[in-house]
1. Only one of K190, K198 is away from the ligand (no atom under 14 Å from the Cβ), part of a helix (DSSP H, G or I) and in contact with an Asp or Glu (Cβ under 7 Å, 6 or more places away or on another chain); which?
2. Given the conditions (1) touching a strand residue (DSSP E or B) at 6+ places or on another chain (Cβ under 9 Å); (2) over 25 Å from S106 (Cβ atoms); (3) surrounded by fewer than 20 Cβ atoms within 10 Å (Cβ to Cβ), which single one is not true for D273?
3. Give me a count of the residues in segment 257-308 that are charged (D, E, K, R) and over 31 Å from the mean Cα position of the chain (by Cα).
4. Given the conditions (1) more than 14 Å from the ligand (Cβ to nearest atom); (2) crowded, with 16+ Cβ neighbours inside 10 Å; (3) assigned to a loop (DSSP other than H, G, I, E, B), which single one is not true for R179?
5. Of everything in segment 206-248 that's over 16 Å from V185 (Cβ atoms), charged (D, E, K, R) and open to solvent by 40 Å² or more (accessible area, probe 1.4 Å), which residue is nearest to the ligand (Cβ to nearest atom)?
6. What number of residues in segment 145-161 are surrounded by 22 or more Cβ atoms within 10 Å (Cβ to Cβ) and modelled with pLDDT of 95 or more?
7. Output the residues belonging to segment 100-130 that are more than 25 Å from L199 (Cβ to Cβ), open to solvent by 60 Å² or more (accessible area, probe 1.4 Å) and free of Cβ contacts under 8 Å to residues at least 24 places away in the same chain.
Amino acid sequence: MAETDSRTSGIAERLIALFLCAGLTACGAYLVKASGEKAETLTSIHSLEEEKEQLSKEIDETLALVKETESKITEINSLDETIKAQRDEYYAACKALEDAVNAGTSDHKIAYLTFDDGPYVKTTGKYLDVLKEKDVLATFFQMGRTAEGHDELYHRVYEEGHTIANHTYSHTIRNGIYRNMDSFVNDVIKNREFIEEKLGYTTNILRFPGGSGTAVSRLGRGIKQKVNELGYGWVDWNSATGDGLELLSPAQYRDNVLKKTGNTKILVVLMHDYSANTLAALPEIIDGLRQQGYVLLPLFYDSCMINK
Ligand SMILES: [Zn+2]
């Protein structure tokens, strides 16, 4: 019995030893595995830290760029304000001259050159070249339809100091804008939004396509009041080359203006910047008007020629 107990105890010891040994082996394997995983985790933490550092650098750079852009926008806005202030100052000087001409205290006369229906890719740039060469600021009654896709030309008219005014978006006299009051108003507003979007500029001067006579004949006298309610003053003309009515020679267009000025103190001259023959006549029209004592100015809202 004692021998059996001693054998049993020996077996038990071996079993315990075996279990211990197996346990140790498992523990050892676990430790090896765990330390491998730890090393991997450390490597991955390291690369995440690098990534974090890189990202925070990129965020800093982006924030700096945002700040720089914001400061440029502020700068541009303040330039726009300056340009607007300069225009307002210039128009105030024009108004003072106009008042003096009307009061008879100035020997000058005034001619407002106006160009309708543009911009036209083929010709408007050439008109701008002549005006620049002759040092003249004029007024462009533009429609959005012909300006679509020609941003550079459209901007140039404005940036060279000319007055841009509303001539409706589509100018469809026959079966469009004068169909009813709503279609007219919608076309005016569409062009206002087009000008504002393209130039960041709001004009408060309008010319009816075909003139106020055409507009009134289609929609009644209420149309004049309507444009006033929309915030516009409107203007017709008392002088024209005639280029919108018939094709004549440059000399005839020139004479239509220069030989019909009479004693008119303030002229509003209607021309169209699609006309090659008016373009050819323009230098002589400008020189001839100046010789007759006219000062050439762009239109402005407070002018006595604007119907409010
Ligand atoms: Zn027109």
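1. Of K190, K198, the one residue that is away from the ligand (no atom under 14 Å from the Cβ), part of a helix (DSSP H, G or I) and in contact with an Asp or Glu (Cβ under 7 Å, 6 or more places away or on another chain) is K198.
2. Unmet for D273, out of (1) touching a strand residue (DSSP E or B) at 6+ places or on another chain (Cβ under 9 Å); (2) over 25 Å from S106 (Cβ atoms); (3) surrounded by fewer than 20 Cβ atoms within 10 Å (Cβ to Cβ): (3).
3. 6
4. (2)
5. D236
6. Here the count works out to 1.
7. Matches in segment 100-130: A103, T105.
Rundown of residues vs (1) more than 18 Å from I306 (Cα to Cα); (2) within 16 Å of the ligand (Cβ to nearest atom); (3) not assigned by TED's automatic domain parsing to the domain that holds N263, yes/no style:
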{"residue": "A85", "(1), (2), (3)": "yes, no, yes"}
{"residue": "A100", "(1), (2), (3)": "no, no, yes"}
{"residue": "V130", "(1), (2), (3)": "yes, no, no"}
{"residue": "V136", "(1), (2), (3)": "yes, no, no"}
{"residue": "F140", "(1), (2), (3)": "no, yes, no"}
{"residue": "T146", "(1), (2), (3)": "yes, yes, no"}
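The values are calculated or read from the model by the stated rules, or taken from the named source; none is laboratory data. If you're wondering where the values come from, they're calculated on a predicted model, not measured in any experiment. Note that each Cβ is placed from the backbone with ideal geometry, even for glycine, and that neighbours are counted across all protein chains shown. Ligands, DNA and RNA are stripped out before the accessible areas are found, and what is left, the full protein with its side chains, is counted by its heavy atoms. Shrake-Rupley method; radii C 1.70, N 1.55, O 1.52, S 1.80 Å.
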